[in-house]
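One structure is given here, and the rest of the page talks about it.
The values are calculated or read from the model by the stated rules, or taken from the named source; none is laboratory data. Just so we're clear, the structure is a prediction, and the values are computed from it rather than from any experiment. Glycine also receives a Cβ, built like all others from the backbone with ideal geometry; neighbour counts cover every protein chain displayed.
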């Protein structure tokens with residue numbers, strides 16, 4: 001008896017594409033496993049643990065100092081806690097009661113939220129729209145404009161503070177015609193929102209563009225064939241697929257704005273000052289009350305920790321996906 005010969009059945013185009021996608025996914029998983037094996041070793045694990053311990057040791061010392069009396073903080077180190085025991089909540093009590101005629105810590109906490117949340121949302125909205133345009137809309141000068149946006153990342157923030165402050169206060173005019181009238185917004189959040197948005201846009205556009213450009217062209221073309229416009233493609237296809245990258249950058253932006261002191265010193269004054277500015281003031285004119293700063297630091301760190309742990313599942317995935325192509 002002759003052996004049974006296999007029969008090759010004809011496959012349609014959709015089946016071939018599905019098989020090709022399956023092979024690509026298998027190759028990707030295999031490459032990921034090989035990379036993981038190369039990067040994972042006992043030496044790398046030990047080195048990571050050592051770095052983690054060295055990195056968290058100052059934070060541990062700050063935490064212990066926040067519960068020590070001021071006289072012990074000024075005369076002994078935190079590592080002598082067993083030789084010189086002493087715990088108190090006076091530092092936290094004084095920080096919560098500290099303030100001036102315009103602001104206390106509770107008000108500064110609200111101001112930090114009022115500054116950080118819009119200053120995180122605004123650049124993400126503008127950057128996601130701009131990144132989609134750079135990735136999937138053809139217009140004249142697109143490549144040169146994207147290079148310009150990318151180049152703005154190397155401009156130090158300090159170089160833009162004085163021009164921005166002048167722009168906000170006096171406005172901008174060309175040939176006697178007032179283009180931007182100026183905000184005259186002392187004591188409001190508008191200046192600090194605009195400043196943080198401007199500083200965040202170059203990096204946000206670059207990262208989101210890299211992520212959005214990785215979306216398969218077949219998905220975008222299929223939506224166009226079905227009659228979807230640019231807005232429908234963005235809101236129904238691109239935006240849901242880009243959420244990991246958006247959440248990843250949102251963590252960075254939230255932490256940066258929440259912990260910012262430089263921009264707050266220039267643009268957030270008076271009754272709109274955030275926690276960072278108030279904590280810098282309560283340490284004294286020469287920093288002699290730095291024991292209060294140890295307690296204030298751990299009060300201000302609560303919100304960033306909540307944000308990070310709530311979005312951490314998007315963090316690494318969004319960063320890796322947005323940094324492999326561009």
Quick one: which of 122, 134, 139 is surrounded by 15 or more Cβ atoms within 10 Å (Cβ to Cβ) and over 16 Å from the mean Cα position of the chain (by Cα)? 134
Taking region 154-182 and keeping residues surrounded by 12 or more Cβ atoms within 10 Å (Cβ to Cβ) and modelled with pLDDT of 80 or more leaves 157, 160, 161, 164
